[in-house]
Every structure is written in C-alpha cells, then in structure tokens.
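Sending over a structure as structure tokens; questions will come in a sec.
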Amino acid sequence: MTARNRILILLSAVAVLAAVAAAAVLHASTRADRRDQAQAGGPPIASGPVALTAPGRMVFRTMAWGPHRDELASVPAADPAGPRTASGVKCLRFYAAAGAGVCLQAVHGPVSDTYRALILDARLRTRARYDVPGIPSRARVSPSGHFAAWTAFVGGDSYAGTDFSTRTAIADVRTGALIPSLEAFRIIEDGRTLKAPDVNFWGVTFAADDRAFYATLATGGRTHLVRGDLRTRTVTVLRANVECPSLSPDGSRIAFKKRVPGLPKDAPWRLYVLDLRTQRETPLAERRSVDDQAVWKDARTLVYALPGDYGADLWTVPSDGTGAPHRISRAALSPSYLH
C-alpha cells in the first residue's frame with residue numbers, strides 16, 4: 001500500500017469518527033431538549049411555594065419531562081397523581097421530617113459532576129452544605145428533624161453486585177456537626193469487636209429517641225442489619241440478609257429488601273417486613289425486585305419506587321403481606337409524607 005493510500009484511509013477514518021461523534025452530541029442535545037419540554041399526558045405542574053410544614057402533603061422529586069424536571073414538588077397525600085406544585089429546588093435524593101429536609105444534589109462542572117448534601121429548613125432554604133464523595137443513593141431525616149443521613153457510591157454504582165464502595169454520613173441539623181463516615185464506629189458482633197477491611201454502610205433509618213438508628217452493614221460478601229448508637233459510636237450486628245431498612249412510625253417493625261436465592265443477579269430483591277419483637281419476617285405482595293429504601297406512608301402502607309417511563313414511578317403495598325401493589329404516581333422518586 002502506498003503512502004498516499006494510507007493517508008487517504010486515515011483521513012476517511014477520522015471523518016467517520018468525527019461524524020459519529022457529532023451525531024452522538026446531536027442526539028444527546030436533542031434528548032436534553034426533549035427533557036426540558038413538557039410531554040403530552042404528563043402530570044400538570046406549576047411553580048409555587050412548597051413547605052415542609054404542610055400536614056397531609058407528599059413532597060418528592062418530580063421526574064416528568066419539562067422545565068420542572070428533578071425539582072422538589074408537592075401534592076396532597078390523598079391525591080398523589082394530582083396537579084404538582086414545583087419548588088424550583090432540584091435534588092437527586094430527598095427526605096424530610098419535622099420541618100427539616102436533606103437534599104442530595106449534583107453540581108455540574110465543565111469536566112465532571114460533583115455532589116453535595118444540603119440541609120433545608122421548612123421553606124426549603126439552605127441551612128448547611130456538605131461535600132458528598134460520590135453518587136448520591138439514600139437519604140433520611142430523623143423523626144425529630146434533628147439528624148440527617150445520606151449514602152453515596154464512591155466505587156461502582158449498584159448494590160446488586162459486590163464491586164462497590166459506599167460512604168454514609170450523619171449530620172446534626174442543629175449544630176452542623178458531621179460524622180463523615182459510619183466506618184469510624186465500632187462494630188460489635190456476638191459481643192466482640194469486628195474488624196474487617198471491606199466494611200460498607202448504607203440505608204440509615206432513625207429511631208424516635210435521637211440516639212438509635214438502623215442501617216445496612218456489608219462485609220465478607222454478606223449484608224447485615226445493624227443497630228447504631230450515636231452516643232457510644234457503636235453499631236451492633238442483629239440479623240443477616242437485610243438491606244435498606246426503614247423503621248415503622250411506632251418503631252416496632254422494619255421494612256427492608258432481602259436477597260432471594262434463584263432470582264437474577266441484577267434483580268435479586270424482594271420486600272419484607274421484620275417484627276423486631278418476634279423476629280418474624282413477612283414477605284410483601286410486591287413480587288418484583290425493588291432496589292429502593294421503602295417509606296412508611298402510615299402504619300399499614302409502604303411506598304417505594306420502581307423503574308418507569310421517565311425514570312421511576314411510585315408504588316404502594318400493604319405492610320402485612322396482604323393485598324397487591326398499586327401505582328400511585330408516575331415520574332416520581334424520593335417521597336416524604338408530611339405530618
């Protein structure tokens with residue numbers, strides 16, 4: 001092959017690659033433009049005030065395409081599919097209780113995104129900011145509103161496999177004091193201190209006493225339910241095969257996702273409820289794999305997200321194992337029920 005032919009082939013290859021790159025950029029730009037445009041049949045949304053002290057309402061991340069995508073929105077809890085009021089505050093993950101909220105945000109940079117946690121007051125004004133070292137995953141606020149917790153992926157981006165690492169932090173909303181990682185807590189298993197190089201925590205859920213919390217601990221390829229103590233800085237291993245716990249309003253039960261043998265590796269979970277007094281597990285009527293930290297709407301009903309046309313939809317299921325799943329809202333994620 002002559003030098004001239006080699007140059008022509010090289011130039012042709014460069015031209016093809018440039019065309020492919022241009023098409024990819026155009027496709028991404030077109031998709032982004034579509035996301036900024038309201039879609040026919042989507043939920044009606046209008047800008048307006050959103051407060052975390054409005055009993056009887058649900059606040060969540062709206063994922064419907066349009067100018068309010070990813071904003072915190074509010075609807076009557078009794079009409080979750082109804083018209084939405086959008087706040088203008090964007091969050092990837094969110095939770096609120098007792099007039100305090102935690103909002104996990106992406107900060108878009110010229111090369112890559114960074115992430116942060118915002119502590120919000122009842123009018124969604126920022127009270128404090130914290131750097132988050134990876135992709136936000138879980139968020140919770142204690143029933144008193146005094147503490148906020150969040151989890152981020154710092155390696156890998158899925159709980160389904162084993163190739164990931166997480167960081168879970170807890171902030172005191174009143175003072176701003178931060179526990180940057182639960183990995184600094186002493187782990188107690190069978191009365192002895194557990195030391196392992198592969199410890200990960202995620203999915204904090206708070207008790208009402210401003211001291212105790214529950215979370216997932218992963219080590220040695222297994223997950224465990226742990227009970228934490230904010231005063232003694234310890235966590236105690238309670239039970240195996242528990243992920244993303246969510247404590248019931250009366251503190252007697254924990255909803256969680258459990259790996260079930262025989263299910264696909266990328267969709268291995270089923271929802272269960274654990275009675276903390278009897279240690280009895282109840283499988284729930286939702287038969288699909290749920291990769292979410294469920295929320296208690298009330299003592300009888302759990303709410304969780306499943307994939308939907310615009311990212312995620314919200315579903316409910318009875319907490320006693322009866323009934324059937326029911327979709328309550330399209331294009332929604334991270335719900336909080338205000339009391």
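What are the residues whose amide H is under 5 Å from the amide H of Arg239, where those residues sit 5 or more places off or on another chain and H is modelled from the backbone?
HN-HN under 5 Å from Arg239: Leu225.
Considering only C-alpha atoms, what is the centroid distance from region 180-245 to region 93-161, in Å?
Each part's Cα centre sits 20 Å from the other's.
Any idea how many Lys pairs in the chain come in under 30 angstrom at the alpha carbon, given 8 or more places apart or on separate chains?
The result is 9.
Looking at (1) 36; (2) 19; (3) 15, which value of percent of Cα pairs over 38 Å apart comes from a calculation on the structure shown?
It is the one labelled (2).
A follow-up question, please. Within region 118-151, what residues put their amide N at less than 15 Å from the label point 7 Å along the Cα-to-Cβ vector of Ser112?
Residues 132-136 qualify, since their backbone N sits under 15 Å from the label point.
Related question: Which order do His224, His108, His146, His326 take when ranked by solvent-accessible area (1.4 Å probe, heavy atoms of all protein chains), largest first?
Solvent-accessible surface, decreasing: His108, His326, His146, His224.
Compute the relative contact order of region 241-285 as a whole-number percentage, counting only Cα pairs closer than 8 Å that sit 6 or more residues apart in sequence.
Result for region 241-285 is 29 percent.
Here's something else I'd like to know. Give, in nm to one decimal, the length gained when the segment between Asp266 and Ala81 is fully stretched (0.36 nm per residue of separation minus the Cα-Cα distance).
Fully extending the segment from Asp266 to Ala81 adds 63.6 nm.
If you don't mind, there's one more thing I want to ask. Between Asn241 and His339, what FRET efficiency follows from the Cβ-Cβ distance if R0 is 22 Å, with the result rounded to 0.05?
0.10
Percent of accessible area on the chain owned by carbon and sulfur, 1.4 Å probe?
Of all accessible area on the chain, carbon and sulfur atoms account for 54 percent.
Please check which bits of region 216-234 a label hung off Thr193 would reach, taking the label as a point 7 Å along Cα-to-C-beta and the cut-off as backbone N under 16 Å.
So the set is 232-234.
First measure r as the distance between the Cβ atoms of Arg127 and Arg277, then evaluate 1/(1 + (r/R0)^6) with R0 = 51 Å and state the FRET efficiency to the nearest 0.05.
0.85
Separate question: For the chain, take the longest principal axis of its alpha carbons; what is the angle in degrees between that and the long axis of helix 3-35, to the nearest 10 within 0 to 90?
It is inclined by approximately 40 degrees.
Subtract the Cα-Cα distance of Asp309 and Asp250 from 0.36 nm times their separation in residues, and report this length gain in nm to one decimal.
Full-extension gain reported as 17.8 nm.
Please give the per residue accessible area of the chain, computed with a probe of 1.4 Å over protein heavy atoms only, in Å².
49
Also, quick follow-up: Which Cys residues of the chain have no other Cys beta carbon under 4.7 Å away?
Cys244
Oh, and also: If each residue of separation counts as 0.36 nm, what is the full-extension length gain between Ala208 and Asp298 once their alpha-carbon separation is subtracted?
This chain segment gains 30.9 nm when fully extended.
So for the chain, averaging the separation of alpha carbon pairs under 8 Å that are six or more residues apart and normalising by length, what relative contact order in percent results?
That works out to 12 percent.
For the chain, build the charge dipole from Cβ charges (+1 Lys, Arg; -1 Asp, Glu) around the Cα centre, then report which of Ser112, Pro325, Leu238 sits farthest towards its positive end.
The Cα lying farthest towards the positive end belongs to Ser112.
The values are calculated or read from the model by the stated rules, or taken from the named source; none is laboratory data. Predicted, not measured: the structure shown is a model, and the values here were computed from it. All Cβ positions, even for glycine, are placed from backbone atoms using ideal geometry, and neighbour counts span all protein chains on display. The area values use the complete protein model at the heavy-atom level, side chains included, leaving out ligands, DNA and RNA. Shrake-Rupley method; radii C 1.70, N 1.55, O 1.52, S 1.80 Å.
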